[in-house]
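Accompanying notes for the structure given below.
Every number here is computed from the coordinates shown, using simple stated rules; none is lab data. Being a predicted model, the structure only gives us computed values, none of them experimental. Reconstructed Cβ throughout: ideal geometry from the backbone, glycine too, with neighbour counts over all protein chains shown.
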């Protein structure tokens with residue numbers, strides 16, 4: 001029995017139901033789209049942009065709408081690239097850069113630019129050359145963070161119409177040619193020698209200043225000691241003068257007699273001096289002193 005003999009035995013309604021069920025299954029398969037979290041789908045209807053499907057379950061019109069582009073929204077990194085640039089002081093440098101970006105609006109990206117990575121790389125190269133051309137070599141080395149921020153801002157402005165966000169831009173290295181390296185090394189060595197000489201001269205000057213300060217301090221201390229001694233002598237003289245003014249000439253003679261006695265005592269205390277020769281006027285001075293003591297008593 002062939003297939004044609006089998007068809008009459010099958011009811012026409014059964015065939016219709018089967019075809020209808022098949023149509024429903026295909027429609028569901030074509031009309032339901034499950035979009036992963038890391039992607040977005042661009043849907044076209046008759047060749048024109050219809051919608052952009054986000055992550056999750058989405059419904060489209062089967063047989064009419066088609067998912068034309070599946071775009072990853074994960075952050076991407078461009079391959080590291082190097083480009084030559086000339087600084088404001090005419091130094092040729094080779095700059096190695098790296099750029100990270102992600103697609104935020106796939107409908108702009110797929111319809112406005114064909115090669116996204118190539119377009120961004122070309123834009124970055126031009127901006128890097130332009131920005132480095134405004135700076136001297138020392139500024140490029142010392143203000144790298146400011147240069148990176150400027151490059152990132154300019155790249156963001158340039159790719160904004162493509163629905164792209166530049167998340168990070170990095171300058172990995174700034175290389176110099178061999179001749180420039182040697183010249184900079186010579187300059188660095190000369191600068192180190194100059195700093196060493198300046199440091200040595202500063203040390204010598206500081207030593208001289210400290211020595212002068214020490215001499216000045218010693219002189220000030222000696223002057224203070226002399227002033228104290230002079231004040232003491234002036235005080236003693238004032239005391240004697242006051243005693244003479246109060247007691248007359250007898251007080252002066254009493255002081256002289258005491259000094260003579262102190263001198264004789266000191267002379268008698270020396271080694272090997274048991275015999276003391278006393279002048280005749282000293283005896284008289286002792287007597288006068290005793291008289292004055294008695295008179296005072």
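Counting every other Cβ atom within 10 Å of each residue's Cβ, 235, 111, 41 order from fewest to most as 235, 111, 41. Relative to the current alpha-carbon distance between residue 80 and residue 32, full extension at 0.36 nm per residue lengthens the span by 13.3 nm.
Which of 70, 204 comes first, and how do the rest follow, when ranked by fewest Cβ neighbours within 10 Å? Walk me through the numbers on the way to the answer.
Values: 70 14, 204 10.
Arranged by neighbour count, lowest to highest, 70, 204 become 204, 70.
A simple spin-label model places pseudo-atoms 7 Å from Cα toward Cβ; at residue 17 and residue 211 they are separated by 12.1 nm. With the cut-off at under 12 Å, measuring from each backbone N in region 96-113 to a point 7 Å along the Cα-to-Cβ line of residue 173 picks out 96-97. Legend: ranking of residues 87, 180 from fewest to most surrounding C-beta atoms inside 10 Å; resulting order 180, 87. Binning all Cα-Cα separations of region 121-244 at 5 Å, short to long from zero, yields these whole-percent fractions: 2, 8, 10, 9, 7, 6, 6, 5, 5, 5, 4, 4, 4, 4, 4, 3, 3, 3, 2, 2, 1, 1, 0.
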